[in-house]
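A short write-up of the structure that comes next.
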Amino acid sequence: MIRTYIKDGFKKKGKVELKGWVHDIRDLSKIKFLILKDISGRIQCIVLPKESGEEIFKQVSKINRESVVRVVGELQDSKQAIGGKELLIKELEVISEAEQPLPIDVSDHSKTELPKRLDYRFLDLHRPKSQAIFKIESTMMQAYREFMIKEGGIEAVFPSIIGSSSEGGTELFPLKYFEKKAFLSQSCQLYKQMLACSMEKVFTIFCVWRAEKHNTVRHLNEARQLDYEECFADEFKVMDVLARCVQYIVKKIMDERGEELELLDVKLKVPDVKYMTFADCTKLMKKEKVHMGKDDLSTEAEKRLGELYPDTIVFVHDWPLAGKPFYIMPKGDGLSGGFDAIYNGVEISSGGQRVHIPDLLIKRLKEKGLNPKDFKGYIDSFRYGAPEHAGWGVGLERLMTQILGIANIREVTLFPRDRDRLGP
Ligand code: ATP
Ligand code: MG
C-alpha cells in the first residue's frame, strides 16, 4: 500500500495506510483511541476488540507516546472526531518505540522550559508548535528567494572563512587555517559589494558568526542573514526593495501558513512603511522622554518606535556617520547614507549606500582607526570600474521573532549557538 498523509486522508474514503507518531492513547476499556500525527496533521484512530482484533486491542495500550507506528484501517465519518473523520484500525505495526519517560513534555500539558527543550530539540520538534515555527521559516526563505528573483536578483554563495576582519570590529571567532590565522565571517558585506559591481543585483542567505559575549534574547553567536546588494542605487532605492521584500514575505506567510499562525495564535498584518531621519527620531524620543543613543538607537528607542508604529517597518535614515561602519557613504554634515529598519520594536536590518571610491574608502578606514593595508584587496576591487551601490542585511531569526511576536530568538532557531550552547 502507498502511505497516505493524514491531511489527504480526510479527503479519502475506504482503506488507507498511515504512518506517523503516537500523540496519545486513550483507553476506555471497551474502545481505545490512538491519536496519530504526521507533518500534515492529526487524526483519531479507534481500536475495537472485534473489528480490529483482540491482539491489536491489547497491543495498543502498551505503545508509548511519540513512538512511530504504521496503521492500516478504514476511514469513516465521525461526528465527534476533529475533522469529521476517524480511522478504524485493522493493522498496527510499531516501527520505532519511544523510550519512557520522555525527557520533555511534547504534548504541552505541562510547560518545559526552553533550555531543556533545546537540549532535546529533536524531540521538541515532535511538538506541533515547534513544527509550525519552522514551517513558517521555510516559507519565509522561499518567499525571500521568490521576491528577489522576481526583482531580477542573482543568488550567490560566499566564503565563510576570511583572512581578515570584514568590518573592522573585534567580535570575530579566530580560526587556525594551516599556518595562517583566519576568522569565521561576521558578514558577507565585502563579497556582496564586489559581486554587485558586476552582477548588479545580488542576494544570498548567509550564515554569520559574531563573538559577542553578551547573552541576550535578540542575539545569537551564529545567525543567518538575508542579504541584498544593488548597483546604480542609493539607500532610498534599497530601502524600498527591503520594504516590499518584507511585505511580500509576510503576505506569503499569511496566505500559506494560516493553520500554523492559528496554532501559534498569531494574527498577521502586511506591514506599513514609514521613513524618518535620525534627527527627527531624536526629536521624537525627546518628546517621548525616551533615552536615545548618540549615534545609534537605544534599545528603548527601538521599542518605543514599535509602540508608536505597530506593524510598520520604520526606516531611520540620514544616520550619523560616526555610528556607521567605514564602508557607509558619507553625506556631509556628519551624516551618512546608512539606515536601520525597525519592525515591531527591534532592529531587523541595517543597510545603506556604500563607499565605492578607493581614496574615500582609505580616508574612512583611517578615520575609523583601521589600517587600509588590511583591506587592500577590498579597496582594489573598486579600482577597475565600480558603480555606486547600496544594500542591506536582515537577520533571518530576527525577522522571524518580529513577525511572530516571539520574545526569545532561540525559539525560532533550530539549533542555536549562544555563549553557553554548542549542542545539539
Ligand atoms: P544589533 O545592533 O541589533 O546587535 P547589529 O547592528 O550589530 O545588530 P548588523 O551588523 O547591522 O547587526 O546585522 C544586520 C542584521 O542582522 C541586524 O539588523 C539583525 O537583524 C541581524 N543580527 C545582527 N547581529 C545578530 C545576532 N548576533 N544575532 C541574530 N541576529 C543578528
Ligand atoms: Mg545594525
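The values are calculated or read from the model by the stated rules, or taken from the named source; none is laboratory data. A quick note: this is a predicted structure, and the numbers were derived from the prediction, not measured. Neighbour counts are summed over all protein chains in view; Cβ atoms, including those assigned to glycine, are modelled from backbone coordinates with ideal geometry. We work out accessible area using only protein heavy atoms, side chains counted, and drop any ligands, DNA or RNA first. Shrake-Rupley method; radii C 1.70, N 1.55, O 1.52, S 1.80 Å.
Annotations for the structure displayed:
- Of all the residues in the stretch 74-90, those that are under 37 Å from the mean Cα position of the chain (by Cα) and either of a type in the set (Ser, Thr, Tyr) or within 12 Å of residue 14 (Cβ to Cβ) (or both) number 2.
- Subset of the stretch 306-344 [open to solvent by 10 Å² or more (accessible area, probe 1.4 Å), part of a loop (DSSP other than H, G, I, E, B) and either more than 10 Å from ligand 1 (Cβ to nearest atom) or of a type in the set (Phe, Trp, Tyr) (or both)]: 309, 310, 311, 318, 327, 329, 333, 334, 344
- Residues that are at pLDDT 95 or above, in contact with a His (Cβ under 7 Å, 6 or more places away or on another chain), of a type in the set (Phe, Trp, Tyr) and within 16 Å of ligand 2 (Cβ to nearest atom) do not occur anywhere in the stretch 308-318.
- Identity of the residue in the stretch 355-368, open to solvent by 30 Å² or more (accessible area, probe 1.4 Å) and either part of a loop (DSSP other than H, G, I, E, B) or touching a residue at least 12 places away in the same chain (Cβ under 8 Å) (or both), that ends up nearest to ligand 1 (Cβ to nearest atom): 368
- For the stretch 369-397, taking the residues that are without any contact (Cβ under 8 Å) to a residue 60 or more places away in the chain and surrounded by 14 or more Cβ atoms within 10 Å (Cβ to Cβ), the one that is farthest from residue 202 (Cα to Cα) is identified as 372.
- Taking the stretch 96-128 as the range and being at pLDDT below 95 and not in a loop (DSSP other than H, G, I, E, B) as the test, only 128 passes.
- Filtered residues of the stretch 58-74 (kept if of a type outside the set (Gly, Ala, Ser), open to solvent by 20 Å² or more (accessible area, probe 1.4 Å) and touching a residue at least 12 places away in the same chain (Cβ under 8 Å)): 59, 64, 65, 68, 70, 74
A quick yes/no check of all residues on (1) closer than 29 Å to residue 218 by Cβ; (2) in contact with a Ser or Thr (Cβ under 6 Å, 6 or more places away or on another chain):
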position	(1), (2)
329	yes, no
340	yes, yes
369	yes, no
385	no, no
389	yes, no
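- Residue satisfying condition, being on the phi > 0 side of the Ramachandran plot and in contact (Cβ under 8 Å) with a residue 60 or more places away in the chain, within set 334, 352: 352
- Any hit, the stretch 123-142, residues being open to solvent by 40 Å² or more (accessible area, probe 1.4 Å), farther than 22 Å from residue 413 by Cα and small (Gly, Ala, Ser): no
- Within the stretch 79-97, the only residue that satisfies the criterion of being touching a residue at least 60 places away in the same chain (Cβ under 8 Å) and either of a type in the set (Ser, Thr, Tyr) or open to solvent by less than 20 Å² (accessible area, probe 1.4 Å) (or both) is 87.
- Screening residue 285 against (1) surrounded by fewer than 22 Cβ atoms within 10 Å (Cβ to Cβ); (2) touching an Asp or Glu at 6+ places or on another chain (Cβ under 9 Å); (3) under 30 Å from residue 149 (Cβ atoms) leaves a single unmet condition, (3).
- Residue pairs whose Cβ atoms lie under 8 Å apart, sitting 6 or more positions apart in sequence or on different chains, and linking a residue in the stretch 310-328 that is within 16 Å of residue 278 (Cβ to Cβ) to a partner that is part of a helix (DSSP H, G or I) and of a type in the set (D, E, K, R), are 317/235.
- Any hit, the stretch 245-253, residues being modelled with pLDDT of 95 or more and within 16 Å of ligand 2 (Cβ to nearest atom): yes
- Enumeration of residues in the stretch 183-241 that are under 26 Å from residue 383 (Cα atoms), within 15 Å of ligand 2 (Cβ to nearest atom), touching a strand residue (DSSP E or B) at 6+ places or on another chain (Cβ under 6 Å) and of a type outside the set (Phe, Trp, Tyr): 186, 187, 188, 227, 235, 238
- Flag for residue 348 being open to solvent by less than 50 Å² (accessible area, probe 1.4 Å), within 16 Å of ligand 1 (Cβ to nearest atom) and either in a helix (DSSP H, G or I) or at pLDDT 95 or above (or both): yes
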